[in-house]
Amino acid sequence: MVSSNQVAEHVRSVHAIISRPQRPSGHELVARSWLRCFHDLGLDPASDEVPAPLAPQAWRERGDRLGEVMDSAVPEMQTLHRQLDDPQSALVLADRDGTIVSIVRHPGFAREASLRGLVEGARWSEDVQGTNGIGTVLAERHSLVISGDEHFFARHTDMVCAAAPIYDGVGDVAAVLGVCSLAPGGSRALRALVERSARVIEHRAFRARHATDYIIRFHAHAGRVLTAVDGLLALTPDGEVIEANHTAFELLAPEGETMLGRDVTEFFGQALPELLSRTFRSGFHALTLSMPQHQTWHLLAQQPARNRSQSGARGTDSASAAQALAELDLGDLRMAGNVHSAMRILDRDIPLLITGETGTGKEVFARAFHSSSQRARGPFVAINCASLPEALIESELFGYKQGAFTGANRDGRRGKVLQADGGTLFLDEIGDMPLLLQARLLRVLEERKVTPLGGENAVPVDLQLVCATHRDLRAMVRDGSFREDLYYRLRGMETSLPPLRERTDRRALIERCLAEEGAGRHPQVRLGAAAMAVLDRYRWPGNIRQLRYVLRTLVALCDGAEITLRDMPSELTEPPEPVVQAPAVAGAVVEQPDDQPGAAPSNLNPLQSAERDALLGELRRHRWNIAGLARELGVSRNTVYRKMKRLDIDTDTQAGDGF
């Protein structure tokens, strides 16, 4: 907390700044806010009064009014919270009045957050909390960071607050996403992360809001179409603009002119039917439209996903109905086959099993499958079977009644299975589920009913099941560690996602990921040719997850408009370790001792041997720091250990490396 001496010093600084006729260069935004707080709002920078929050019913009603923004924000906030991994921070969503309607924080930070007013129902507009991330975003209408003594109230000067607006479809700010942290430094990267998540939320909310409307997705850069930074126009069947996202306003109406009610022909020179027809004929690849004044647009026209008012009715165009899946096809033949097969089982009550290495995008594929189905309006509930202790998995999955066990919530708890009723249940790392739980899950899938722990009555449940694993379930069935009957129940259709190093659409995928990671503060950042070549030829042992973290860091640290070879991390530019080749002598036999450190076991196929070499290289680069490698790849330590075990890498190899 802030000391009395620090309060007095801060008050003097505020008075000194607002009394000057000339503001310090680089502090115009903060000075403007301080002037509003002091002169217009009559606030005292020394005030330590924390206003009482709204009653739960009141702030919940405010959250409900956010509709699709609230629905889209909850999963993205959970994802961002895991990425930040900051035990001294609170991630908040506030409405257009600055009232917090959702908050994610570390349990150990709950008391401190409450003392600071970082709770649901608290209002963080400038008239209540002075200069701060949330309130000042609402006043300035763009993302920003308020750090330390840039806050108006002295009581906030030990915090860093990064926040970004979430716009509605008419150009107004609908909500604000913000992070308030006690950890010093990192404000630039923090702002970039918050901006990106705000754009993702805004994008998802727009598409959900207009699921029954025609949508145009476009951008001046081809690689940004079908990303979180492309422009979106929602249209009537006659081609009139109903709403537009913030990017569309920036691209088509930079001077603030009206867009709503205008015909799409005014912007792209062609009527909606022609744009739809051309998109269909292109196989749902972006069109290129050359306009007067040398303007080029890359564009996709999408039909409504389906008429939601017609219960159970399939859309007339299965391709447009499955657009979320179609967006995953960037040209790789294996991915194209996966997408096509998944489209064919949509809404057929066929379980989907997704396999592939860690980081290949299994959850992304599962979410696209859900979004393309008739259950898209229902919940998507994900649970990682490898991340929970065995003792907790049963209660997490099936829930429990009051008094089911010591320490149980007095009101009981609905499990993930019941939470997914009407939607999709995604069981990630299903191969890590204990055998006893496998039997219970099989019974639920067969009976379509679930009985919570401590309960007597089974509750009917209707859900689509999607599972994922990096394990070889067939081998696990053979060795008895996975039930054969459950395996065949889960494997309605199996799709295997290729590792990034084997995908032929790497460059297109890199461009898309770059556009998504650059959403917000760096929407125009691009990769130089040499930098792209480095990223394209790297083996990516952590696959797409690792690629995203690398790009996110590059974007956050980029000062210009282009990422160059000089910006590349050293591990990407260093040449691979030399491979000792056998002598090219007829009949020559080269013996390698069995105990040679790093030697690949003979039972591995060539692909596994290459994967083993890549993992060994990463382990050596991290000096066998498993935790550090796991953090870089965005996976748990257990995942790294499991992969080491599968590839026959043990810590004895470390001794041979001289560490």
Given the conditions (1) modelled with pLDDT of 90 or more; (2) in a loop (DSSP other than H, G, I, E, B), report the number of the one that Ala366 does not fulfil.
-> (2)
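So that you can scan it fast, the table gives a plain yes or no per residue for (1) in contact with a Phe, Trp or Tyr (Cβ under 7 Å, 6 or more places away or on another chain); (2) surrounded by fewer than 20 Cβ atoms within 10 Å (Cβ to Cβ); (3) under 28 Å from Glu243 (Cβ atoms):
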position: Glu150; (1), (2), (3): no, no, no
position: Phe153; (1), (2), (3): no, no, no
position: His156; (1), (2), (3): no, no, no
position: Val160; (1), (2), (3): no, no, no
position: Gly178; (1), (2), (3): no, no, yes
position: Leu182; (1), (2), (3): no, yes, no
position: Leu190; (1), (2), (3): no, no, no
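Matching residues to (1) modelled with pLDDT of 90 or more; (2) hydroxyl-bearing (Ser, Thr, Tyr); (3) within 30 Å of Arg348 (Cα to Cα):
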residue	(1), (2), (3)
Ala515	no, no, no
Gln524	no, no, no
Arg539	yes, no, no
Ile544	yes, no, yes
Val550	yes, no, no
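Limited to region 406-443, what total is found for residues that are outside any helix (DSSP H, G or I) and modelled with pLDDT under 90? Before you say what the answer is, go through the steps one by one.
Quick first cut of region 406-443, residues outside any helix (DSSP H, G or I) only: 406-415, 420-429, 433-434.
Okay, now just the ones that are also modelled with pLDDT under 90, so 406-415, 433-434.
Within region 406-443, residues that are outside any helix (DSSP H, G or I) and modelled with pLDDT under 90 number 12.
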Residue by residue through region 474-488, note down the ones that are in contact with a Leu (Cβ under 8 Å, 6 or more places away or on another chain) and assigned to a helix (DSSP H, G or I).
-> Asp485, Leu486, Tyr487
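Residues to consider are Thr227, Thr279; find the one that is surrounded by 19 or more Cβ atoms within 10 Å (Cβ to Cβ), without any contact (Cβ under 8 Å) to a residue 24 or more places away in the chain and among the polar types (S, T, N, Q).
Values: Thr227 fails: without any contact (Cβ under 8 Å) to a residue 24 or more places away in the chain.
Criteria check complete, one pass: Thr279.
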Look through region 98-126, keep the residues that are touching a Lys or Arg at 6+ places or on another chain (Cβ under 7 Å) and within 20 Å of Ala58 (Cβ to Cβ), and return whichever of them is modelled with the lowest pLDDT.
-> Ala113
Go through the residues of region 38-47 one by one and say whether even a single one is loosely packed, with under 15 Cβ neighbours inside 10 Å and within 30 Å of Ala205 (Cα to Cα).
-> no
Only residues that are under 32 Å from the mean Cα position of the chain (by Cα) and in a loop (DSSP other than H, G, I, E, B): list them for region 259-272, please.
-> Met259, Leu260, Val264
Within region 216-254, residues being under 20 Å from Ala175 (Cβ atoms), at pLDDT below 95 and in a loop (DSSP other than H, G, I, E, B) number 2
Test set (1) farther than 21 Å from Phe426 by Cβ; (2) under 24 Å from the mean Cα position of the chain (by Cα); (3) small (Gly, Ala, Ser) - Ser481 fails condition number = (2)
Restricting attention to region 100-110, which residues are buried (at least 20 other Cβ atoms within 10 Å of the Cβ) and either among the aromatic types (Phe, Trp, Tyr) or touching a Ser or Thr at 6+ places or on another chain (Cβ under 8 Å) (or both)?
-> Arg105
Only unsatisfied item for Cys180, checking (1) assigned to a strand (DSSP E or B); (2) in contact with a Gly (Cβ under 6 Å, 6 or more places away or on another chain), is (2)
For region 447-470 the number of residues that are outside any loop (DSSP other than H, G, I, E, B) and either basic (Lys, Arg) or surrounded by 14 or more Cβ atoms within 10 Å (Cβ to Cβ) (or both) is 10
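Would it be correct to say that Glu484 is farther than 30 Å from Ser143 by Cα, in contact with a helix residue (DSSP H, G or I) (Cβ under 6 Å, 6 or more places away or on another chain), outside the structural domain of Arg646 (by TED's automatic domain parsing) and surrounded by fewer than 16 Cβ atoms within 10 Å (Cβ to Cβ)?
Here the answer is yes, as Glu484 does meet what is asked.
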State all residues of region 174-210 that are of a type in the set (Val, Ile, Thr) and either assigned by TED's automatic domain parsing to the domain that holds Asn132 or under 16 Å from Ile146 (Cβ atoms) (or both); if no residue qualifies, say none.
-> Val176, Val179, Val194
Would you mind stating whether His210 is under 22 Å from the mean Cα position of the chain (by Cα), crowded, with 17+ Cβ neighbours inside 10 Å and within 27 Å of Leu557 (Cα to Cα)?
-> no
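Would you call Arg491 basic (Lys, Arg), in contact with a Lys or Arg (Cβ under 6 Å, 6 or more places away or on another chain) and farther than 30 Å from Ser143 by Cβ?
Working: basic (Lys, Arg): yes; in contact with a Lys or Arg (Cβ under 6 Å, 6 or more places away or on another chain): no; farther than 30 Å from Ser143 by Cβ: yes.
It is false that Arg491 is basic (Lys, Arg), in contact with a Lys or Arg (Cβ under 6 Å, 6 or more places away or on another chain) and farther than 30 Å from Ser143 by Cβ.
Okay, residues lined up against (1) in the same structural domain as Ser72 (by TED's automatic domain parsing); (2) farther than 15 Å from Asp432 by Cβ; (3) surrounded by 18 or more Cβ atoms within 10 Å (Cβ to Cβ):
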position	(1), (2), (3)
Leu346	no, yes, yes
Leu352	no, yes, yes
Thr360	no, yes, yes
His370	no, yes, yes
Arg375	no, yes, yes
Ala382	no, no, yes
Leu392	no, no, no
Scan region 428-446 and report the pairs whose first residue is in the same structural domain as Cys385 (by TED's automatic domain parsing) and whose second residue is surrounded by fewer than 21 Cβ atoms within 10 Å (Cβ to Cβ) and part of a loop (DSSP other than H, G, I, E, B), with Cβ atoms within less than 6 Å and a gap of 6+ or a chain change.
-> Glu429/Ala386; Gly431/Arg471; Asp432/Ala386; Gln438/Arg483
Restrict the check to region 61-68 and report whether at least one residue is at pLDDT 90 or above, touching a strand residue (DSSP E or B) at 6+ places or on another chain (Cβ under 7 Å), in a helix (DSSP H, G or I) and within 21 Å of Glu112 (Cβ to Cβ).
-> no
Out of Ala16, Ala55, Ala90, which single residue is modelled with pLDDT of 90 or more and loosely packed, with under 12 Cβ neighbours inside 10 Å?
-> Ala55
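The values are calculated or read from the model by the stated rules, or taken from the named source; none is laboratory data. A quick note: this is a predicted structure, and the numbers were derived from the prediction, not measured. Neighbour counts are summed over all protein chains in view; Cβ atoms, including those assigned to glycine, are modelled from backbone coordinates with ideal geometry.
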